[in-house]
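The values are calculated or read from the model by the stated rules, or taken from the named source; none is laboratory data. Computed from a predicted structure; not experimentally measured. Glycine gets a Cβ as well: all are built from the backbone with ideal geometry, and neighbour counts include every protein chain shown. We work out accessible area using only protein heavy atoms, side chains counted, and drop any ligands, DNA or RNA first. Shrake-Rupley method; radii C 1.70, N 1.55, O 1.52, S 1.80 Å.
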Amino acid sequence: MGMGLRNGFLLILSCVVTLSLSVWGRPATFLEDFRITWSDSHIRQIDGGRAIQLVLDQNSGCGFASKRQYLFGRVSMKIKLIPGDSAGTVTAFYMNSDTDAVRDELDFEFLGNRTGQPYTVQTNIYAHGKGDREQRVNLWFDPAADFHTYSIMWNHHQIVFYIDEVPIRVYKNNEARNIPYPKLQPMGVYSTLWEADDWATRGGLEKIDWTKAPFLAYYKDFDIEGCPVPGPVNCATNSRNWWEGTAYQALNAMEAKRYRWVRMNHVIYDYCTDKSRYPVTPPECMSII
């Protein structure tokens with residue numbers, strides 16, 4: 001994941017995740033559809049497996065992933081982020097093909113802040129092994145005061161990152177212009193909570209205040225609607241899947257208006273305009289929504 005997601009895990013951090021997973025309309029408990037990726041001693045189930053608690057301490061981090069992968073669809077969850085001084089922490093929700101050189105990945109990374117500073121969300125997209133497509137948005141609300149819905153919509157036409165149904169990022173399928181687009185590799189769904197104070201807050205200038213630990217974040221209403229892999233052979237190519245419908249092939253007028261508002265008022269970094277990294281504007285940045 002972008003900008004150091006796989007660094008060390010050194011803070012005390014716990015969260016509660018309430019799962020209401022829906023694949024083909026079927027509710028699930030945690031162990032039915034997810035697996036612990038590390039430190040099972042730091043994850044405990046709550047409410048009969050419909051919720052889990054994650055603990056991240058100075059000895060180990062923790063996280064989980066879906067047992068199955070999915071090819072196209074929508075993934076969403078409600079998250080209440082760490083309140084107060086959360087500098088140096090990262091809460092991540094992402095999809096990943098679990099491949100190396102040619103991996104595909106769609107990232108939400110919530111970057112902690114000092115009290116009184118805006119929370120920043122970073123998105124990144126890897127397609128056919130090429131990443132470094134970071135964008136950062138300062139949120140226009142306090143994400144620690146209440147739950148908000150974070151979603152990734154992925155179909156043959158576009159990838160859209162949403163917050164409370166407000167699009168904050170769009171990546172169009174421009175394969176006709178030889179621009180990579182993830183469409184061949186299924187991806188799993190992951191969530192991790194960890195310490196990254198060497199880069200997460202103001203480029204690493206703000207370090208974790210350990211006196212504020214433990215840090216708490218909460219997730220609930222985790223939903224996946226998509227084509228599971230392995231699963232029905234023709235699911236991913238079925239144009240009758242609701243997420244492939246005309247209404248989801250481009251932003252509608254209201255979504256486009258909201259997207260322009262976000263771009264004008266809340267984007268604080270966009271790789272597309274970073275001439276120090278990209279003297280020549282990347283071709284995908286030239287696409288028109």
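Here Ala65 fits the description: over 21 Å from Ala145 (Cβ atoms) and touching a Gly at 6+ places or on another chain (Cβ under 6 Å).
Residues in the range 104-128 that are more than 22 Å from Asp198 (Cβ to Cβ) and either modelled with pLDDT under 90 or among the polar types (S, T, N, Q) (or both): Gly116 alone. Evaluated against (1) under 15 Å from Asn113 (Cα atoms); (2) more than 17 Å from the chain's Cα centre (by Cα), Arg177 falls short on exactly one condition, (1).
Of the residues Asp198, Asp221, the single one that is among the charged types (D, E, K, R) and open to solvent by less than 80 Å² (accessible area, probe 1.4 Å) is Asp221. Return a yes/no flag: does the range 40-54 have any residue that is assigned to a loop (DSSP other than H, G, I, E, B) and at pLDDT 85 or above. No, the range 40-54 contains no residue that is assigned to a loop (DSSP other than H, G, I, E, B) and at pLDDT 85 or above.
Could you say which residue among Asn234, Asn252, Asn241 is open to solvent by less than 30 Å² (accessible area, probe 1.4 Å), over 22 Å from the mean Cα position of the chain (by Cα) and not aliphatic (A, V, I, L, M)?
The match here is Asn241.
When the residues of the range 29-76 are filtered to those that are of a type in the set (Phe, Trp, Tyr) and within 21 Å of Ala196 (Cβ to Cβ), the one that is least open to solvent (accessible area, probe 1.4 Å) is Phe64. Residues of the range 36-62 that are among the aliphatic types (A, V, I, L, M) and farther than 18 Å from Trp210 by Cβ: Ile36, Ile43, Ile46, Ala51, Ile52, Leu54.
Select from the range 130-152 the residues that are open to solvent by less than 10 Å² (accessible area, probe 1.4 Å) and among the aliphatic types (A, V, I, L, M) and write down the one among them that is farthest from Ala92 (Cα to Cα). Among them, the one singled out is Val137.
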